[in-house]
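These notes are about the structure you will find just below.
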Amino acid sequence: MTVTEASTAGAPRDLDDARKPPLSQLGVLLMNFGFFGIQFSFGLQQSAVNPIFTFIGAKPEELPLLNLAGPVTGLLIQPLIGAMSDRTWTDRWGRRKPYFLLGALGCTIMLFLFPFVGALWVAFLFMWLLDASNNTAMEPYRAFISDRLPKNQLARGFLVQSMFVGLGAVTANLSLLLFQSVIDGVTDNGIPYWVYVCFWIGAVCSIGSVLVSVLSTKEIPPTAEELRVLRSKPGGLSGFVKEITDAVHDMPTGMHKIGLVFLFQWFAMAVYWQFVSVSMTETIPAFASTDPAKPVSEAASGWVGAVNGMYNFVTIFAALALIPIAQRFGAKRVGSASLVCGGIGLLVFANLHNQYALLVPMIGLGIAWASMLGIPYIMVASMVPRERSGVYMGIVNMMIVVPMLIQNVSFGWIYENLLGGSGANAIMLCGGLLLVAAMAMLWINPPTEDEESELMPLGSPREIKVYDMVIVGSDGTPSSLYAVDRAHAVAAEADAKVVVVSAYNPGLELGVTRGTGVRKELYGQEAAKAALEATVKHLTSDRVRRIETRLVAGDPAQALLDTAGDNPANLIVVGNRGLGAAKGEILGSVPAAVVRSANCDVLVVQGTRATTRVRPPSLIGPLRDQDGPSAARPLDDSETDA
């Protein structure tokens, strides 16, 4: 929902700037820089932890269970941290910062200690703690973007975040490749020395980059009313659990529709991360293991950094390209095409026998990875209320980790009994699952237009509409709210956006209203803001999302006419009684002026009888479905009583 302020003579500007001023490009980069360190840590977890498991004695069929920490901690921690951060506010630390600062500190400690593991159970415990720290830092960071940036910068914010996702993972994987080639030697516990160097660099990056973001970007403090509501909610574990269950119950339609796609694509990615090094050891002659007890060679574990770095490098640029394409053709089509690229890439990958040729199919996986990381979060951020963005970002991650949890508990048996214990077959299965996910994306019907994300629609834009925009005025009175209700009802049927206009007299009597009966004149910006707030509260109670509000200094009728402009596909909704209407008059001054001058249809509603209306509203103005303009039926005194 956007709120703009305008005058009838000037261009609108963002009214929310007072609380959420737009950030410069440098500001957007700095606020997202912490994600570089978080993703450096996550990149090491993806690429290096599974080879470490094999270095200290793990068998390939044991890898899924050893990776159980990831989905379990994600399932439990992310929605819980999201709900907790939604209800947190301290003047010193803010709302989201305490959580991703604490998570980054945990990552730093675990990355420093991880190379010292000597027993499999210790590595499993450290993996659990590292993943818990990554999840604690990552989930509030996504909500931080939604909290801090105005709506017109959300797409840029998440795109920059996706860029740092790719950059952090690329740097982590390239560090593995680089130091593996220049540092020789293995410790007594079987861990190469180059692993120590990579993990310690990751430890410094994790806390360092997050500190840059924490110190450079301030969070937006809640209003007194928001703080009162926040503190009135029940605390404790039961309160947070109830918050999560309520959010799941109220989840927008668009969030339900990507669940099936997530089932296949995240199952596939979990298999890929666990078995890519096993597959390369089998298919690349130069990577063949010389130790039968070690299913992954050191050379293959080092080249994992190259292939994973390649697809993350592609992600940096693919993320920038996919967003405008998805806005034009619809996220489901672009997402499906991206998953096809990834699926074909993995099918080819498993059948190549040259280590350098493996980099080519990673281009397709990079395109798919960019789609997975960027598009869903932009959609969710524009669909859900800002004050609940934390818990909803956690729910999105629940939808990610559930397929991964299924994979962890089931794939060991699948690997041994259905895939013949072959890592290459496991990667081919990944490719097939991504193709199934692509088909599932096309099978999903997009939501109705009034439930679509404006920033990232799931379906392609509708070509045929009855009205493009429905404009209605509001002064906060019951009769004007009734007109707003009628405007929303028409907009819902017409797949149109609602624009609520509140005009005020920029006189000296700030906050004063004048008028008797059903309508009033607003003096000063504060009175108009109060009227808009009443209207927005009235609408959001019915979960309306596709609405824009405008403050206009000037004449109410002219404000409505200027907002509608010359587009005949717009509709203006007015009440029958404007300012100055006396008993017995057909129309008040505002609706009369609008009807006289509008270049589009005008809908006049019986605002004076808002609670007992017994007949449909009358349409006045140039109707596109008729040969000529329809005339207004005169109303008798009983219908226009004040």
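The values are calculated or read from the model by the stated rules, or taken from the named source; none is laboratory data. Everything numeric here is computed off the predicted structure, so don't read it as measured data. Every residue, glycine as well, gets a Cβ built from its backbone with ideal geometry; the counts of neighbours run over all protein chains shown. We work out accessible area using only protein heavy atoms, side chains counted, and drop any ligands, DNA or RNA first. Shrake-Rupley method; radii C 1.70, N 1.55, O 1.52, S 1.80 Å.
Things to note:
- Applying 0.36 nm per residue to the separation of E61 and S238 and subtracting their alpha-carbon distance, the gain on full extension is 59.9 nm.
- In terms of overall dimensions, the stretch 219-335 has a Cα radius of gyration and Dmax of 22.9, 67 angstrom.
- Classification of the stretch 205-276 by its C-alpha gyration tensor yields an oblate form. The axis ratio a/c (a ≥ b ≥ c) is 1.5 or more, and b/c is at least a/b.
- For the stretch 63-154, the calculated P(r), taken from all Cα-Cα distances in 10 Å bins from zero up to the bin holding the longest distance, is 17, 40, 28, 12, 3, 0 percent.
- Three-way shape label, the stretch 311-355, alpha-carbon gyration tensor, a/c 1.5: oblate
- Here E548 sits with roughly 20 square angstrom of accessible surface, probe radius 1.4 Å.
- Cβ-Cβ distance of E493 and L230, R₀ of 45 Å, FRET efficiency by 1/(1 + (r/R0)^6): the value works out to about 0.80.
- Full extension of the chain segment joining Y356 with I183 gains 60.1 nm, where the gain is 0.36 nm per residue of separation less the Cα-Cα distance.
- Of the residues V241, T223, V170, the one whose Cα sits farthest toward the positive end of the charge dipole of the stretch 162-316, with +1 on the Cβ of Lys and Arg and -1 on the Cβ of Asp and Glu, is T223.
- Cα gyration tensor, the stretch 256-410 - rounded (a/c under 1.5), prolate or oblate: prolate
- For the stretch 343-350, putting each phi into the Karplus relation 6.51 cos²θ - 1.76 cosθ + 1.60 with θ = phi - 60° gives couplings of x, 5, x, 6, 4, 5, 3, 5 Hz, in residue order, rounded to whole numbers and with x for Gly and Pro.
- Listed residue (I191, W121, T108) projecting farthest to the positive dipole end of the stretch 49-197, Cβ model: T108
- 31 Å Cα-Cα threshold exceeded, pairs from K20/K497; K97/K332; K257/K529; K233/K529; K20/K233: K97/K332; K257/K529
- For the stretch 151-218, the share of alpha carbon pairs falling in successive 5 Å distance bins from zero is 3, 14, 17, 20, 15, 11, 8, 6, 3, 2, 1, 0 percent.
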